Amino acid sequence: MNEKSTLYYDGKCKLCNTWLGLIRHLDKNKRIEYVPLQSDKGKKLVSQLNTEGVNPDTVIFEKGGIISIRSEAVLNCLMQLGGWWATVKVLRIMPLKFRDAIYNYIARNRYKFVGKPDSVTCKNEN
């Protein structure tokens, strides 16, 4: 039995919410809880992490008390979906620094890619 994990995301980001919709659709077994970073639970985690560089464009994934951020969080989340999504672990052959550089580029430019949200809409936690 797979234990429940939590995906913390930017609830104000169109790109994040688009991906979140896809992940929710693929999460047939409801293995993941979805929490906006702007929620009380999200803010509490970010303050507990007290990690430089954790901000609203930083995806955080928690499973079994283990926290991952940025590209590692994305990979862990996709692997949690199971099936052929678990094959994304092969991307770990790329150095974390390189993967995070790609993640940071996308995060910095997400409004250029998909635009800013028309209104602030945080999707509800699970």
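Between Val90 and Lys30, full extension at 0.36 nm per residue minus the direct alpha carbon distance yields a gain of 19.2 nm. Taking every DSSP bridge with both residues inside the chain, close to 60 percent are antiparallel. Taking label positions 7 Å along the Cα-Cβ direction at both Lys44 and Ala101, the computed distance is 3.8 nm, reported to one decimal. Expressed as a whole percent, the proportion of Cα-Cα pairs in the chain lying more than 24 Å apart is 24%. In the range 5-114, Cα pairs under 8 Å separated by at least six residues give a relative contact order of 27 percent. Dividing the helix sum by the residues of the chain, where each DSSP H run of 4 or more adds -39500 (n - 2.57), gives a mean residue ellipticity at 222 nm of -13500 deg cm²/dmol. Extent along the principal axes, Cα only, for the range 1-50: 32, 29, 14 Å, with the longest axis given first. Only lysines eight or more places from Lys41 in sequence, or on another chain, were considered; those with a Cα closer than 22 Å are Lys4, Lys12, Lys14, Lys30, Lys63, Lys123.
Since every read-out is calculated from the coordinates, none of them should be taken as a lab result. In this text, all values refer to a predicted model and were calculated from it rather than measured experimentally. A quick note on method: Cβ atoms are made from the backbone with ideal geometry, for glycine too, and the neighbour counts reach across all protein chains shown.
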